[in-house]
Amino acid sequence: MKGNQGLEEVDRKILDIISHYGSLEFLELWDEIGEDDILKEQIMTKEDALERLDFLETQGFVERLLEEEENTLWTLKK
């Protein structure tokens, strides 16, 4: 991914996970974060993960897609 060299390792890992799946619901993404060898050493709460996603969204890396009324997917911004 271009342009993400200035990001923290956790942010780069989140982007990598999303890139492998195309799009994920938050809980699916949070589960994947917990399974990552590097990230599982860090204690990341759901709130921490949402903060990272919000940051990545404001930086233009990811976006929320509303699939249905209550279903939100996270995907890489095109």
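Mind listing whichever residues of the stretch 35-78 are under 13 Å from residue 23 (Cα atoms) and over 11 Å from the mean Cα position of the chain (by Cα)?
Listed by number, the residues that qualify are 65, 66, 67, 71, 72, 77, 78.
Restricting attention to the stretch 37-54, which residues are among the charged types (D, E, K, R) and more than 24 Å from residue 78 (Cβ to Cβ)?
37, 40, 41, 46, 47, 48, listed by residue number.
Can you tell me which residue in the stretch 19-78 is least open to solvent (accessible area, probe 1.4 Å), limited to those that are touching a residue at least 24 places away in the same chain (Cβ under 8 Å) and among the charged types (D, E, K, R)?
52
The values are calculated or read from the model by the stated rules, or taken from the named source; none is laboratory data. No experiment lies behind these values; they were computed from the predicted model shown. Every residue, glycine as well, gets a Cβ built from its backbone with ideal geometry; the counts of neighbours run over all protein chains shown. The protein model used for the area step is the full one, side chains on, heavy atoms only, and it has no ligands, DNA or RNA in it. Shrake-Rupley method; radii C 1.70, N 1.55, O 1.52, S 1.80 Å.
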